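Structure, as structure tokens:
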Amino acid sequence: MALTREQKERIVAGYGERLARSQVLIWSRFEKVKFSEFEHLRSTLRGMDAEGLVVKNTLLRIALEEAGWEMSEELAERANLVTFVYGDVAPVAKAVSDFARDDRVQIMGGVVGGKMIDSADVRALIDLPTREVLLARVVGGIQAPISGLVGTLAAVMRGLLNVLDAHREQLENAS
């Protein structure tokens, strides 16, 4: 059954809303994947602030053009599962990669910040630390110099106290 123009406009608008909220898109091509497997991935992605959709390529292309994002022609050739990432990228990329372990699903590429990336770059997203780890590293980087300064000042104070204590003992022994 063909879609009416109104239905197509609603689908494009829905894609546009998702694009406005998402930071990253991940394209996966699939063949002979069971509906239950898709539903399992979708429920996993929902818990990670992401959404996986089997898209209509021409309508998604229109939404991407309206948003000013790029889309490769090879991505629009066959049925695609597009993952819209709204939150932390690394766990979502790992979940999609785990889903694509067999030959039935292939990660084809994606879009980061409106620019196309290939499947190798998507796989590199898996190695990114989570947001919490990155924040901990930043705090640790800020804290390290301060801790070093406190340690240095404490060492100076200990040294001064040791000198004063040694001088006190000298005066006591002299008397």
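Every read-out reported here was derived from the displayed coordinates using simple, explicitly stated rules and does not represent laboratory data. Only a predicted model underlies this, so the values are computations on that prediction, with no experimental measurement involved. All Cβ positions, glycine included, derive from the backbone under ideal geometry; neighbour counts span all protein chains shown.
Computed as a quarter of the hull surface, the mean projected area of the alpha carbon convex hull for region 106-175 stands at 7.7 nm². Over region 1-54, the hull volume per residue, using the convex hull of the C-alpha atoms, is 107 Å³. Listed values for region 38-49 are Karplus-derived 3J(HN,Hα) couplings in whole Hz (6.51 cos²θ - 1.76 cosθ + 1.60, θ = phi - 60°), namely 4, 4, 5, 4, 4, 5, 5, 5, 4, x, 10, 6, and x replaces Gly and Pro. Looking at region 1-110, the GluC sites (Glu not before Pro) that sit in a DSSP loop and have at most 13 other Cβ atoms within 10 Å of their own Cβ are GLU31, GLU70, GLU73, GLU77. Axis angle, to the nearest 10 degrees, between helix 5-21 and the longest C-alpha principal axis of the chain: 10 degrees. Taking region 62-103, which chymotrypsin sites (Phe, Trp or Tyr not before Pro) meet the DSSP loop condition and have no more than 16 other C-beta atoms within 10 Å? Hits after loop and neighbour filter: TYR86. From the largest down, the chain spans 109, 34, 25 angstrom on the principal axes of its Cα atoms.
As a ratio to 2.2 N^0.38 Å, the alpha-carbon radius of gyration for region 51-124 is 1.06. Considering only VAL82, HIS40, VAL24, the residue lying farthest towards the positive end of the dipole of region 1-128 is HIS40, judged by Cα position with unit charges set on Cβ.
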